[in-house]
Amino acid sequence: MDEVVSTLRSPDIEHHPEQFAAVATDPVNGAINVREFLDGAMIYLHGSEHRSRRKMLNQLVRADSLSYIREDLILPEVDRLLRLRLAQPDDDGQYGLDLVDLCERVFLRFTAKLIGLVNVDSEEAIDALRSCAGPLAAGTSSAFLEDRDLINKIALEAKQRYVEQFYLPARDAYRTMMDEVSRGERDDADVPPSLMKFIVTQADPDYADEDRAIVESTMLFAASVGTSTQSVVQTVDLLQGWFKDHPEDVASKTDPAFLLDALAETIRLRAPFSPYVCRVAAADHAVGDRVIEDGQEIHVHYVFANRSPEVFGEDAGAFNPRRPSPSNGLPRYGVGFGVGIHQCYGMRVVLGNEGKGGSHVHMLRTLMAAGVKPDARTPPTDLKKDLSKFSIENIPRYTAYPVVFTEWDPASPPSSRETLDA
Amino acid sequence: MPRSRVANAADIPPGGLRRVEVDGQALCLAIEDRCTHEDVELSDGELLGDEVECPMHGSLFNVITGDVCGLPADIPVKVFKVDRDGDELFVDL
């Protein structure tokens, strides 16, 4: 593990979009993926360019922003959508909805604010944005999916809609606001902090190339909406099996410490989405008594590392929210947020600034308080992947996950605010 | 514990960070200049009140106590006693 960490920390080891997009094996689709969905995003920068970009973007997920994200964006939207969607029981007397749909809408609101999109408050706007977000995320990672031609075609159409309906109006709105700032008609502090503010002010010189700035924004649909949705849905999914085998833990289903450990287990077992992390050596790099030669590709299988019995115990391949913390100092989620230079930008949104539970834990708590269960009448569906690239197991990426709420009372629904204060 | 002169106070702007090296030890006055999370120079980060934000992954450390104030780091940084004598700053290593 030490060798992997030192390798991924090395400035000699770079992250190239061409490798992630598998250009060598599919030049046509690979070139589309690189040009339209990958090149220009922070995760493919190196050295000082990466550090200055990351340092700049870190401002958007500082502690005060995390409170706003959790308490003013995500949790109120969870409450609002639950009340809206569960106002009436269905024909079977059940209160149900699609958990993927719910989570995507919640995290889309958050991501829209993070990017700085405007006019996204209506249901219609979120519907339109959601119709773009899924295809954009799929376009980002189509190298790992079945029917790449079709995925890329749909993703390109979605990107065009996104740029016309969302990106350009937001850019123009921010340009107007910053023009007002420059004329002394508006205080800079009144312009909402967002990726778009950085883009319009060219806080990073690379944003002068608008195509690359657009890619930075579309990457967030995979990196923020997709991963957040999957982490919540998969925790609900994995907890059902755990409660079946461990009924004594049902009493802990709204305990934030228990849910945080459950979420960490989900991230350990089911993140990241890609089966392995790609890197390229930009210079000879010594690893112990071996050398990774300049130009050599590296595939780091986080999935293997996160199932190491030596680190996580004999049942490392199983979901166990009661698992003791690893004795080697690794966190419970293992390397699920990444290792070395490139690590998940939204980690503190998920875990909280102090690691005691962020938005996702409170969201899970609200869902659990309402008695969320998989809907036995309708099985979940997941994205069809190119399984030849997945070495251990098919980690599902749910596209629909119908649930029912067995403790939902529309006259007295649970409130995220109450769970936050409890 | 050796005491070393590291800088003039006037060389450090209010609210700024300063990297110095003493006997091969990198300091970001007056904590170790190394994020305990991923070995990144904290002196390249942002000073936010009493906290320094790592420029790479955003870990936060209290520059007085060395305590972790924000993920992803979970190990405090070393702190060093700083003395001022006139315009000169000294650190006890």
Inset, instruction - Could you tell me whether A:Val287 is buried (at least 22 other Cβ atoms within 10 Å of the Cβ), at pLDDT below 90 and away from chain B (no Cβ under 14 Å)? - result: no
Legend entry - Filtered residues of segment B:55-67 (kept if crowded, with 17+ Cβ neighbours inside 10 Å and either within 8 Å of chain A (Cβ to nearest Cβ) or under 11 Å from the mean Cα position of the chain (by Cα) (or both)): B:Pro55, B:Met56, B:His57, B:Gly58, B:Leu60, B:Phe61, B:Asn62, B:Val63, B:Gly66
Inset, instruction - Residues that are more than 30 Å from A:Ser48 (Cβ to Cβ) and not hydrophobic (A, V, I, L, M, F, W, C): find the strands (runs of 3 or more DSSP E) completely inside segment A:315-422 holding 2 or more of those. - result: A:372-374, A:398-400
Inset, instruction - Select from segment A:165-201 the residues that are under 18 Å from A:Met219 (Cα atoms) and of a type in the set (S, T, N, Q) and list them in ascending order. - result: A:Gln165, A:Ser194
Inset, instruction - May I ask you to list the residues in segment A:4-42 that are more than 14 Å from chain B (Cβ to nearest Cβ) and among the hydrophobic types (A, V, I, L, M, F, W, C)? - result: A:Phe20, A:Ala21, A:Ala22, A:Val23, A:Ala24, A:Val28, A:Ala31, A:Ile32, A:Val34, A:Phe37, A:Leu38, A:Ala41
Inset, instruction - For residues that are away from every other protein chain (no Cβ under 11 Å) and hydroxyl-bearing (Ser, Thr, Tyr), scanning just segment A:326-366, find the one that is farthest from A:Val300 (Cα to Cα). - result: A:Thr366
Inset, instruction - Exactly one condition in (1) surrounded by fewer than 17 Cβ atoms within 10 Å (Cβ to Cβ); (2) in contact with a Lys or Arg (Cβ under 7 Å, 6 or more places away or on another chain); (3) not polar (S, T, N, Q) is not met by B:Asp83; state its number. - result: (2)
Legend entry - Residues satisfying the stated conditions in segment A:191-218, i.e. of a type in the set (Lys, Arg) and under 22 Å from A:Ala137 (Cβ atoms): A:Arg212
Inset, instruction - Could you tell me whether segment A:54-65 includes any residue that is more than 10 Å from chain B (Cβ to nearest Cβ), out of contact with any strand residue (DSSP E or B) (no Cβ under 7 Å at 6 or more places or on another chain) and of a type in the set (Gly, Ala, Ser)? - result: yes
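Quick one: which of B:Val77, B:Val63 is in contact with a Ser or Thr (Cβ under 8 Å, 6 or more places away or on another chain), under 26 Å from B:Asn8 (Cα atoms) and not charged (D, E, K, R)?
B:Val77
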Inset, instruction - Quickly run through segment A:136-185 and pick out the residues that are surrounded by fewer than 16 Cβ atoms within 10 Å (Cβ to Cβ) and either in contact with a strand residue (DSSP E or B) (Cβ under 9 Å, 6 or more places away or on another chain) or hydroxyl-bearing (Ser, Thr, Tyr) (or both). - result: A:Glu146, A:Thr176, A:Ser182
Legend entry - Tally, over segment B:20-50, of residues that are buried (at least 17 other Cβ atoms within 10 Å of the Cβ), part of a loop (DSSP other than H, G, I, E, B) and either touching a residue at least 24 places away in the same chain (Cβ under 8 Å) or within 14 Å of another protein chain (Cβ to nearest Cβ) (or both): 10
Inset, instruction - Restrict the check to segment A:83-94 and report whether at least one residue is among the basic types (Lys, Arg), closer than 29 Å to A:Glu407 by Cα, away from chain B (no Cβ under 14 Å) and in a helix (DSSP H, G or I). - result: yes
Legend entry - Output for segment A:279-292, where each listed residue is in contact with a strand residue (DSSP E or B) (Cβ under 7 Å, 6 or more places away or on another chain) and closer than 21 Å to A:Pro17 by Cβ: A:Arg279, A:Val280, A:Ala281, A:Ala282, A:His285, A:Ile292
Legend entry - Scope segment B:28-39; condition more than 11 Å from the chain's Cα centre (by Cα) and more than 15 Å from A:Tyr345 (Cβ to Cβ); matching residues: B:Thr36, B:Asp39
Legend entry - Qualifying helices (runs of 4 or more DSSP H) (wholly inside segment A:27-69; at least 1 residues being at pLDDT 95 or above, among the hydrophobic types (A, V, I, L, M, F, W, C) and under 20 Å from A:Val349 (Cα atoms)): A:47-58
Inset, instruction - Among the candidates A:Gly346, A:Gly329, A:Gly371, A:Gly338, single out the residue that is at positive phi and buried (at least 18 other Cβ atoms within 10 Å of the Cβ). - result: A:Gly338
Legend entry - Out of A:Ser217, A:Ser224, A:Ser274, sole residue that is small (Gly, Ala, Ser) and either at pLDDT 95 or above or over 29 Å from A:Met1 (Cα atoms) (or both): A:Ser217
Inset, instruction - Would you check if there is a residue in segment A:236-243 being over 20 Å from A:Phe20 (Cβ atoms), free of Cβ contacts under 8 Å to residues at least 40 places away in the same chain and over 19 Å from the mean Cα position of the chain (by Cα)? - result: yes
Inset, instruction - Tally the residues that are in a loop (DSSP other than H, G, I, E, B) and either facing chain A (nearest Cβ under 10 Å) or out of contact with any helix residue (DSSP H, G or I) (no Cβ under 8 Å at 6 or more places or on another chain) (or both), restricting the search to segment B:68-81. - result: 8
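The values are calculated or read from the model by the stated rules, or taken from the named source; none is laboratory data. Quick caveat, the model's predicted, so the values are computed rather than measured. In this analysis, Cβ positions are derived from the backbone assuming ideal geometry, glycine residues included, and neighbour counts consider all displayed protein chains.
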